[in-house]
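Chemist: What follows is a structure written as structure tokens; I'll ask about it next.
The values are calculated or read from the model by the stated rules, or taken from the named source; none is laboratory data. If you're wondering where the values come from, they're calculated on a predicted model, not measured in any experiment. Quick reminder, even Gly has a Cβ in these numbers, built from the backbone with ideal geometry, and neighbours come from all protein chains shown.
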Amino acid sequence: MALLVSVAGAYGVFLVYTAFVYGWRGLGPGPRLSSGPVAGRRRIDEWMAQAGLSEVRTGEFVAVMGTLFIVAAGVAFVLFGGVFPALVAGLFGASFPIATYRARREARRAEARETWPRMIEEMRLLAGSLGRSIPQALFEVGRRAPEEMRPAFRAAHREWMISTDFNRTIAVLKAQLADPTADATGETLLVAHEVGGSDVDRRLAALVEDRVQDLQGRKDARAKQAGVRFARRFVLLVPIGMALAGLSIGNGRAAYQTALGQSAVVIGIAMTVLCWLWAGRLLKLPEEERVFYG
């Protein structure tokens, strides 16, 4: 009993100390981590920002998916005359917004990878040779950024004009862009702004070189995958063409409405989707992880 009381008292002292010194809350031995729903919501918001859809609400996105599910299921029911093929085709159709979003996200990230080396080099010259302050160099380069990136720089500039807090300004920029290079560049500029010194020129030059090497490596990899990516489209086109041709030959429509025909259609659609997803996974290039965000 004495041992238990001693342990409980020591743990209580530990909780009081960590609460006042580190700001930890709760009865756990460490800080409370983000819960599953909160972390999942954060990842969704980040992905939407990367696709340029930060202003689109999740409910609207789900509504579009539901509409496409109904349309695709209706078309499949008319063609094949069965419920199960219609359900499978509806699920496949509902995935189109996600696929479109992924393509838009990848296009925006590819454009950012192309642009950031030039932008960082301009910041280095403005902050070094031309004597601009670091915030001034950042906003001046942001005004010449690609159209999709300018709203983020404008939001960061507004935050700077209101608070003159560069830490909060960089946080706004990183949240709006949701890009690993933006995170690294922002942290480099933030440290240089707070600490000062001439080391920012060398650090930005090293960051430019790293971004150029990463960009060239990705271009080489995608060039080697060009033929395979073209062939991947036949995973969708050929089965759809064969199914439509089967409807017009002999008693093809009646054959689709039998139990065996319905099973074959469901299996065919499922295999088409799985092959499409598997090929996309094999062709996927490694993505950079965001490390300087919070």
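Chemist: Can you tell me which residue in region 94-121 is modelled with the highest pLDDT, limited to those that are surrounded by 15 or more Cβ atoms within 10 Å (Cβ to Cβ) and acidic (Asp, Glu)?
Modeler: Only one residue tops the list, namely Glu121.
Chemist: Regarding region 41-50, can at least one residue be identified that is modelled with pLDDT of 70 or more and not hydroxyl-bearing (Ser, Thr, Tyr)?
Modeler: No, because not a single residue in region 41-50 is modelled with pLDDT of 70 or more and not hydroxyl-bearing (Ser, Thr, Tyr).
Chemist: Another question, if that's okay. Which residue, of Pro180, Pro151, is in the same structural domain as Leu207 (by TED's automatic domain parsing) and touching an Asp or Glu at 6+ places or on another chain (Cβ under 6 Å)?
Modeler: One residue alone meets the criteria, Pro180.
Chemist: Moving on to the next point. If you check Arg229, Arg168, which single one turns out to be of a type in the set (Lys, Arg), assigned to a helix (DSSP H, G or I) and under 30 Å from Val265 (Cα atoms)?
Modeler: From the options Arg229, Arg168, the qualifying one is Arg229.
Chemist: Please go through region 123-138 and give me each residue that is surrounded by fewer than 17 Cβ atoms within 10 Å (Cβ to Cβ) and part of a helix (DSSP H, G or I), ordered by number.
Modeler: Selection gives Leu125, Gln136.
Chemist: Shifting gears a bit: When you look at Val228, is it touching a Leu at 6+ places or on another chain (Cβ under 7 Å), exposed (fewer than 15 other Cβ atoms within 10 Å of the Cβ) and of a type in the set (Val, Ile, Thr), yes or no?
Modeler: When the stated conditions are applied, Val228 passes them.
Chemist: Does Ala155 meet the test of being assigned to a helix (DSSP H, G or I) and more than 30 Å from Met65 (Cα to Cα)?
Modeler: Criteria met by Ala155.
Chemist: State yes or no: is Val64 more than 30 Å from Ala152 (Cα to Cα) and in contact with a helix residue (DSSP H, G or I) (Cβ under 8 Å, 6 or more places away or on another chain)?
Modeler: For Val64, the condition - more than 30 Å from Ala152 (Cα to Cα) and in contact with a helix residue (DSSP H, G or I) (Cβ under 8 Å, 6 or more places away or on another chain) - is not met.
Chemist: Then there's this: Could you check region 93-138 and list, in sequence order, the residues that are among the basic types (Lys, Arg), more than 17 Å from the chain's Cα centre (by Cα) and closer than 23 Å to Ala178 by Cβ?
Modeler: Arg118
Chemist: Working carefully through the options Ile170, Ile162, Ile134, find the one that is more than 26 Å from Glu287 (Cα to Cα), β-branched (Val, Ile, Thr) and in contact (Cβ under 8 Å) with a residue 12 or more places away in the chain.
Modeler: Ile134
Chemist: Within region 234-257, can one find any residue that is assigned to a helix (DSSP H, G or I), at pLDDT below 75, surrounded by 13 or more Cβ atoms within 10 Å (Cβ to Cβ) and under 27 Å from the mean Cα position of the chain (by Cα)?
Modeler: Within region 234-257, one or more residues are assigned to a helix (DSSP H, G or I), at pLDDT below 75, surrounded by 13 or more Cβ atoms within 10 Å (Cβ to Cβ) and under 27 Å from the mean Cα position of the chain (by Cα).
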